[in-house]
1. Report whether or not Thr34 is in a helix (DSSP H, G or I) and of a type in the set (Ser, Thr, Tyr).
2. In segment 1-25, which residues are of a type in the set (Gly, Ala, Ser), in a loop (DSSP other than H, G, I, E, B) and over 10 Å from the mean Cα position of the chain (by Cα)?
3. What are the pairs with Cβ atoms under 9 angstrom where one residue, in segment 5-20, is at pLDDT below 95 and polar (S, T, N, Q) and the other, located anywhere, is open to solvent by less than 70 Å² (accessible area, probe 1.4 Å) and in a helix (DSSP H, G or I)? Sequence gap at least six, or different chains.
4. Scan segment 26-51 residue by residue and report those that are over 14 Å from the mean Cα position of the chain (by Cα) and of a type outside the set (S, T, N, Q).
5. Scanning segment 21-67 for residues that are under 20 Å from Glu4 (Cβ atoms) and of a type in the set (Gly, Ala, Ser), which turns out modelled with the lowest pLDDT?
6. Scan segment 9-23 for residues that are open to solvent by less than 100 Å² (accessible area, probe 1.4 Å) and either among the basic types (Lys, Arg) or farther than 15 Å from Glu49 by Cα (or both) and report the count.
7. Taking segment 41-67, which residues are among the charged types (D, E, K, R) and crowded, with 16+ Cβ neighbours inside 10 Å?
8. For segment 44-67: of the residues being among the aliphatic types (A, V, I, L, M), part of a helix (DSSP H, G or I) and out of contact with any Asp or Glu (no Cβ under 9 Å at 6 or more places or on another chain), which is farthest from Leu15 (Cα to Cα)?
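The values are calculated or read from the model by the stated rules, or taken from the named source; none is laboratory data. The model shown is predicted, which means the values in this text are computed figures rather than measured ones. Virtual Cβ from ideal backbone geometry, glycine too; neighbours counted across all protein chains shown. Keep in mind that these areas ignore ligands, DNA and RNA; they rest on the heavy atoms of the full protein, side chains included. Shrake-Rupley method; radii C 1.70, N 1.55, O 1.52, S 1.80 Å.
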Amino acid sequence: EVFETPQGREVLLDLAKYCNVATTSFVAGDPHQTALNEGRRDVFNHIAEMQGLTPADFPDIVKEQDA
């Protein structure tokens with residue numbers, strides 16, 4: 001329920017941006033940064049799954065971020 005409020009949606013959108021949902025987590029030549037990026041993405045994916053969201057919903061979330 002927490003992410004279904006307007007404030008919660010704002011937090012979800014901020015997490016999507018911080019966790020680089022719209023980009024690859026891979027950083028050439030830097031396995032540590034790649035692992036950090038992937039960890040961030042994993043946290044967002046877990047929250048999204050708990051909210052009933054799927055990766056198919058992510059483009060809409062990214063569009064909403066940019067609005």
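1. yes
2. Ser25, the sole residue that qualifies.
3. Once the first residue is at pLDDT below 95 and polar (S, T, N, Q) and sits in segment 5-20, its partners that are open to solvent by less than 70 Å² (accessible area, probe 1.4 Å) and in a helix (DSSP H, G or I) give Asn20/Asn37; Asn20/Arg40; Asn20/Arg41; Asn20/Phe44.
4. Correct list: Phe26, Val27, Ala28, Gly29, Asp30, Pro31, His32, Ala35.
5. That would be Ala67.
6. Qualifying residue count for the region: 6.
7. The one that is among the charged types (D, E, K, R) and crowded, with 16+ Cβ neighbours inside 10 Å: Arg41.
8. Within segment 44-67, the subset among the aliphatic types (A, V, I, L, M) is 47-48, 50, 53, 56, 61-62, 67.
From the residues that got through so far, the ones that are part of a helix (DSSP H, G or I) too are 47-48, 50, 56, 61-62.
If we keep only those that are out of contact with any Asp or Glu (no Cβ under 9 Å at 6 or more places or on another chain) as well, we get 47, 50, 56, 61-62.
Values: Ile47: 10, Met50: 14, Ala56: 17, Ile61: 10, Val62: 11 Å.
It comes out as Ala56.
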